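Notes follow the structure.
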Amino acid sequence: MGETPAFFADNLLGDYPKKDDSKSKANVTAIVVGSKLYVIDGVDHESGSTIGVRIFDKSSGKLISPTVLGTKPEPSKHHSAVLLNDDRVLVVRGNSSSSECFWFLEVGTPFVREQEKALGNEVVAWSKGVLGNVEKPIVISGPSGVGKGTLISKLMKEFPSMFGFSVSHTTRAAREKERNGIHYHFTDHNVMEREIKDGKFLEFASVHGNLYGTSVEAVEMVADAGKRCILDIDVQGAKSVRASAFDAIFIFISPPSFEELEKRLRARATETEEQIQKRVQNARAELEQGKSSGLFDHILVNDDLETCYEKLKNILCRSEDVNSAPKTFPESIDLSSEHSVSKIDQKLLINCSAVEHEKASNNMYVLDLSLLKGGAPGRTRGLNMYANGDNQLSSNITHPRT
Ligand code: ADP
Ligand code: 5GP
């Protein structure tokens, strides 16, 4: 294989519009992973509104347009790309605000492999990188009427800037007080089935005779708002999520008794008698699964609401991830000019000094990748960034490993 990534990138550029050839080439990077070349274009020439990705398969000689999952980064006039661990590419976008600089293009992570199996197509997935430690999402399950919604509402009311609700899709009819896009995305069975086939869902299940599912976009929207995601899903959904690459804390809410569960369902008065009976019957199996399978990290009995809520808060305030990475970017960061990147071990050196030479010493940053967590679907957490001289940068530059 004598050809370089640049050779392929140049040849792949052949069918792109060439109004300004030099600019369009500077805007494309190519990364080799095994027998595939991932070509990342600052502008997706089909949509024009995102960064584009195509795959050149060297063994078949074919150019493939993969299914692209996750929230996509906006177009960028200049970007750099570096391969990490053979399964994801770090894309550093120039000309962007600091919170939009770092994106991961997953090309072989467990989530991507899973989706490839499900969709029967090449898949890549975007995940935005965030500094510091946005904590793991929370999956809350339990039988209908046990009080999940009540507990989640209390949490969102008390900590509106900390938690965000993943708005599910459902084919059931909206209840009187429910609003589309807030409580659920109410949808049609055929539409939802098609979207499931297109890989838009992290999980889905048939519950009490209707289809329910968590879209990748719903989870990403919460992550993009910088909040910790809460999913209210049934036990089947929790099982699917547990088996997936989505890293979360799983909490099961149990009723004090069946009689009390039935009483709450009736008092809520949102279902017909027939539907209440169906939900109570299903609750038996859900309780057995919830308690016996080791699926859940925590089981809480919702007898007295305030007591249960306090216990829930205790679980969520426990810090499982010890990560000292700061949550803000260095104030001086400026990636508006062209930049170059080089990787040494788990650190990325970003040099933004090409244009303003006299400021060179102020324009070098280190991105520490050693504490990366999470990924698609959702954000990649734990990035740590500091300016030249602020930390161990000088030792890394003077003693690079070969
Ligand atoms: P879910 O979301 O699990 O289906 P809800 O949150 O809608 O359940 O709660 C069902 C009904 O039970 C609601 O009317 C709610 O006000 C009530 N409820 C919730 N928790 C308690 C509790 N600990 N004690 C008594 N009633 C409760
Ligand atoms: P309800 O109709 O009462 O809103 O919800 C019925 C059940 O569906 C609840 O157990 C709830 O947790 C579950 N559910 C809601 N959204 C989802 C989802 O996106 N996926 C799955 N698997 N279950 C869901």
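The values are calculated or read from the model by the stated rules, or taken from the named source; none is laboratory data. Fair warning: this is a prediction, and the values are worked out from it, not measured in the lab. FYI the Cβ positions are ideal-geometry reconstructions off the backbone, even for glycines, and counts take in every protein chain you see.
Observations, loosely collected:
- Qualifying residue in region 200-209 (condition: assigned to a strand (DSSP E or B), within 16 Å of ligand 1 (Cβ to nearest atom) and not assigned by TED's automatic domain parsing to the domain that holds G375): yes
- Taken over region 258-297, the criterion of being within 19 Å of R242 (Cα to Cα) and surrounded by 14 or more Cβ atoms within 10 Å (Cβ to Cβ) is satisfied by E286, L287, Q289, G290, L295, F296, D297.
- Test: residue in region 111-125 that is assigned to a loop (DSSP other than H, G, I, E, B), under 24 Å from L383 (Cβ atoms), not β-branched (V, I, T) and not assigned by TED's automatic domain parsing to the domain that holds A225: no
- Residue match in region 59-67 (condition: without any contact (Cβ under 8 Å) to a residue 60 or more places away in the chain, of a type outside the set (F, W, Y) and crowded, with 17+ Cβ neighbours inside 10 Å): yes
- Selection within region 169-199 - outside any strand (DSSP E or B) and hydrophobic (A, V, I, L, M, F, W, C): A173, A174, I182, V191, M192, I196
- Set V112, V123, V130: member being in contact (Cβ under 8 Å) with a residue 12 or more places away in the chain, touching a helix residue (DSSP H, G or I) at 6+ places or on another chain (Cβ under 6 Å) and surrounded by 15 or more Cβ atoms within 10 Å (Cβ to Cβ): V123
- The residue of region 192-243 that is surrounded by the most Cβ atoms within 10 Å (Cβ to Cβ), among those that are at positive phi and within 12 Å of ligand 2 (Cβ to nearest atom), is H208.
- Taking the listed residues S144, S166, S161, the one that is in the same structural domain as E288 (by TED's automatic domain parsing), modelled with pLDDT under 90 and within 28 Å of L316 (Cα to Cα) is S161, with no other qualifying.
- Meets criteria (away from ligand 2 (no atom under 12 Å from the Cβ), among the hydroxyl-bearing types (S, T, Y) and within 21 Å of the chain's Cα centre (by Cα)) for S161: yes
- For region 388-401, the criterion of being modelled with pLDDT of 65 or more and closer than 29 Å to S96 by Cα is met by at least one residue.
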